[in-house]
Amino acid sequence: MLLHFQRCQRRAFLDVWGDRDLKDPPSDFQRKLTEERLAHQRSILAEQIRQGAPVHHQPQYPFRDWQAGVKATIELMQQGVERIVRGVLAVERGGGDGEMGRWGDGEMGKEETRGELVTPNSEFRIPNSYLVSYPDLLVKEPGKSIFGDWLYVPIDIHLGKRPKPEYQIVAAYHAYLLGFLQGTLPEKAWLILREKGAYRVELERSLPQMQAILEEYLQTIVQQQEPEVFISRQLCSLCPWLGSCYPIAKSQQHLSLIPGVTPSRYQVLQKLGLTTLESLAQADPSSLEPDLERTVAEQLVRQAKSIWQQEPIAKPHTAFDLARILPTAPIELYFDIEAQPDLNLDYLLGVLVVDRQAQTETFYPLLAEQPADEAAIWQQFLDLVGTDPEVPIFHFSPYEAETIKRLAKLYRTPASQTRALLSRFVDVHQRITSMVTLPIESYSLKAIASWLNFQWRDAEASGAQCICWYDEWLRTSDRSRLDAIARYNEDDCHATYRIKDWLANFLVYDR
Ligand code: SF4
């Protein structure tokens, strides 16, 4: 909850007070991320033991009975075992003054609890409350604690590569609770990160930050202050409350639905009294200065106007050569890739060949049925796009060009051939975002193409879902998964084609 609170206060609030019936079931991709995190932890622990670390102990307690988990963890700490995996830490937090007490000292560690307000979800109790934490690993070190000449330091194992601030705050929180449980605040807390390995959290800096965040969190929960909705595509796409938050944001015409309105820009708009879509659409961009840069202000107002009027608006631009920036040719290729990031694999190179004269559209799904086939599909791709070296190749993100460079390097394609190939690439996403503002909530392929009434054949398909489907194919050899991926990739190519044609027409009239 502390992790979620730092990313979105509303999420942490809903996890306690929200109606669970409104929560979205986890997607295949979310399940996959959870499984990967657990598998990663297991492999790190196994690797440590292989390298000579002492065997770890895990507290045994009934499922969900975290109080029994705390007792079992304390017993292991008293015994002085070297390493405790998935221990449970808790301290009691008094009601009025928020005074902290060691586990078992007060009323709340006992069977009966008094003055509790039981929230609909989980074991959370307020105003008297428990602070509970689940460090991945506790490691014994020399020192003084109530248990003897030893103490424990917390370690969290993350799939991420960076020591994100929110990870450090949670590690400081483990250390904080440990301080109460063992009578000595550990001097260290650690993160184990993917590829980068161990990272020491500076507790001197992180502890005060953590305490401030924790107090804010408790206040939000105790006072039942429901934080405002703020739709952020990156955060909300993996949140189980999106199905309930999005309709609220939509009904409010919330400014977070306007592309470009970040949390910090939102604060500025609030301060300036621009709290509705209409007010922002009608604002004079100069009135947003100096809080926002002129170009940012102009784009925000233009974006709001486009949504308010439900019309595309051309961006101001100098004269341009349409045939150069967005060529139209008798034959055009539309290219889209499906990748498996965990395997560092690009397993589907999909190419839609559009022959405008013959009025045909032919799709080539160059598919690596096994990871080892990537080299073969790369060669097939080079053969296919090499048949006519003049034909433009349209795609919808920088990813395709970056992947070409990766594959060319990996499979030793001559640099001159790669350069010639890349010179034919036209990024439709770059062209549309630099030339026009659309009445949409995001500039993703799906959002733009849907605005143009393009429909994917499979409504549940997405890039993330394809990652899960490919995993499933490798595990089960269920060919329907590969077919679904190829269908989705083909639709992505068609969607890019639709957007490219729309943009070319729009720019012709705009010139
Ligand atoms: S959907 Fe977004 S706004 Fe709603 S709780 Fe989740 S992260 Fe927060």
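The values are calculated or read from the model by the stated rules, or taken from the named source; none is laboratory data. No experiment lies behind these values; they were computed from the predicted model shown. As a convention, Cβ positions derive from the backbone with ideal geometry for all residues, glycine included, and neighbour counts pool all protein chains shown.
In the range 267-275, is there at least one residue being more than 19 Å from Trp308 (Cα to Cα) and exposed (fewer than 14 other Cβ atoms within 10 Å of the Cβ)?
yes
Among the candidates Ser306, Ser279, Ser287, Ser264, which residue alone is of a type in the set (Gly, Ala, Ser), within 25 Å of Ser434 (Cβ to Cβ) and more than 27 Å from the chain's Cα centre (by Cα)?
Working: Ser279 fails: within 25 Å of Ser434 (Cβ to Cβ); Ser287 fails: within 25 Å of Ser434 (Cβ to Cβ); Ser264 fails: more than 27 Å from the chain's Cα centre (by Cα).
From the options Ser306, Ser279, Ser287, Ser264, the qualifying one is Ser306.
Please state which of the following conditions Gly115 fails to meet, knowing it meets all the rest: (1) at pLDDT below 90; (2) surrounded by 14 or more Cβ atoms within 10 Å (Cβ to Cβ).
(2)
Could you list, in sequence order, the residues of the range 217-227 that are surrounded by 14 or more Cβ atoms within 10 Å (Cβ to Cβ) and out of contact with any strand residue (DSSP E or B) (no Cβ under 9 Å at 6 or more places or on another chain)?
Here is the first cut: in the range 217-227, the ones surrounded by 14 or more Cβ atoms within 10 Å (Cβ to Cβ) are 217-218, 220-222, 227.
Within the range 217-227, Tyr217, Thr220, Pro227 qualify.
Output the number of the condition that Gln299 fails; it satisfies all remaining conditions of (1) at pLDDT 95 or above; (2) within 30 Å of Pro25 (Cβ to Cβ).
Failing condition for Gln299: (2).
Could you please give the count of residues in the range 217-226 that are within 16 Å of the ligand (Cβ to nearest atom) and either modelled with pLDDT of 95 or more or in contact with a Pro (Cβ under 8 Å, 6 or more places away or on another chain) (or both)? Steps first, please.
Kept after step one, since they are within 16 Å of the ligand (Cβ to nearest atom), are these residues of the range 217-226: 217, 220-221, 224-226.
Okay, now just the ones that are also either modelled with pLDDT of 95 or more or in contact with a Pro (Cβ under 8 Å, 6 or more places away or on another chain) (or both), so 220.
Residues flagged as within 16 Å of the ligand (Cβ to nearest atom) and either modelled with pLDDT of 95 or more or in contact with a Pro (Cβ under 8 Å, 6 or more places away or on another chain) (or both) within the range 217-226 amount to 1.
Out of all the residues in the range 89-103, is one or more more than 16 Å from the ligand (Cβ to nearest atom) and modelled with pLDDT of 95 or more? Steps first, please.
First, the residues of the range 89-103 that are more than 16 Å from the ligand (Cβ to nearest atom): 89-103.
Narrowing further to those that are modelled with pLDDT of 95 or more: 89.
Yes, because at least one residue in the range 89-103 is more than 16 Å from the ligand (Cβ to nearest atom) and modelled with pLDDT of 95 or more.
Tell me, yes or no, whether the range 377-388 has at least one residue that is farther than 30 Å from Gln310 by Cβ, surrounded by 15 or more Cβ atoms within 10 Å (Cβ to Cβ) and out of contact with any strand residue (DSSP E or B) (no Cβ under 9 Å at 6 or more places or on another chain).
Yes, the range 377-388 has at least one match.
Tally time: how many residues in the range 132-145 are free of Cβ contacts under 8 Å to residues at least 60 places away in the same chain, out of contact with any helix residue (DSSP H, G or I) (no Cβ under 6 Å at 6 or more places or on another chain) and on the phi < 0 side of the Ramachandran plot?
5
Tell me which residues, restricted to the range 409-443, are in a loop (DSSP other than H, G, I, E, B) and touching a residue at least 12 places away in the same chain (Cβ under 8 Å). Can you show your working first?
Of the residues in the range 409-443, the ones in a loop (DSSP other than H, G, I, E, B) are 411-414, 423-424, 438-443.
Result: Tyr411, Thr413, Arg424, Leu438, Pro439, Ile440, Glu441, Ser442, Tyr443.
Go through the residues of the range 327-340 one by one and say whether even a single one is more than 34 Å from the chain's Cα centre (by Cα), surrounded by fewer than 17 Cβ atoms within 10 Å (Cβ to Cβ), farther than 22 Å from Tyr443 by Cβ and free of Cβ contacts under 8 Å to residues at least 40 places away in the same chain.
yes
Restricting attention to the range 414-429, does a residue exist that is touching a helix residue (DSSP H, G or I) at 6+ places or on another chain (Cβ under 9 Å), assigned by TED's automatic domain parsing to the domain that holds Pro365, modelled with pLDDT under 95 and not polar (S, T, N, Q)?
If we filter the range 414-429 for residues that are touching a helix residue (DSSP H, G or I) at 6+ places or on another chain (Cβ under 9 Å), which is where we start, we get 414-415, 417-418, 421-422, 424-429.
Now restrict to residues that are assigned by TED's automatic domain parsing to the domain that holds Pro365: 414-415, 417-418, 421-422, 424-429.
Then keep just the ones that are modelled with pLDDT under 95; that gives none.
No.
Restricting to the range 7-30, give me the number of residues that are touching a residue at least 12 places away in the same chain (Cβ under 8 Å), charged (D, E, K, R) and either in a helix (DSSP H, G or I) or away from the ligand (no atom under 16 Å from the Cβ) (or both).
6
Among the residues in the range 163-171, are any under 18 Å from the mean Cα position of the chain (by Cα) and within 14 Å of the ligand (Cβ to nearest atom)?
yes
Would you tally the residues in the range 178-216 being crowded, with 20+ Cβ neighbours inside 10 Å and assigned to a loop (DSSP other than H, G, I, E, B)?
The qualifying residues number 1.
Of all residues in the range 230-286, which are in a helix (DSSP H, G or I), among the polar types (S, T, N, Q) and within 11 Å of the ligand (Cβ to nearest atom)? Don't jump to the end; show me each part of the working.
Pass one, the range 230-286, residues in a helix (DSSP H, G or I): 233-236, 242-251, 255-257, 263-271, 277-281, 285-286.
Those left that are additionally among the polar types (S, T, N, Q): 234, 244, 251, 256, 264, 267, 270, 279, 286.
Passing the criteria: Gln234, Ser244, Ser256.
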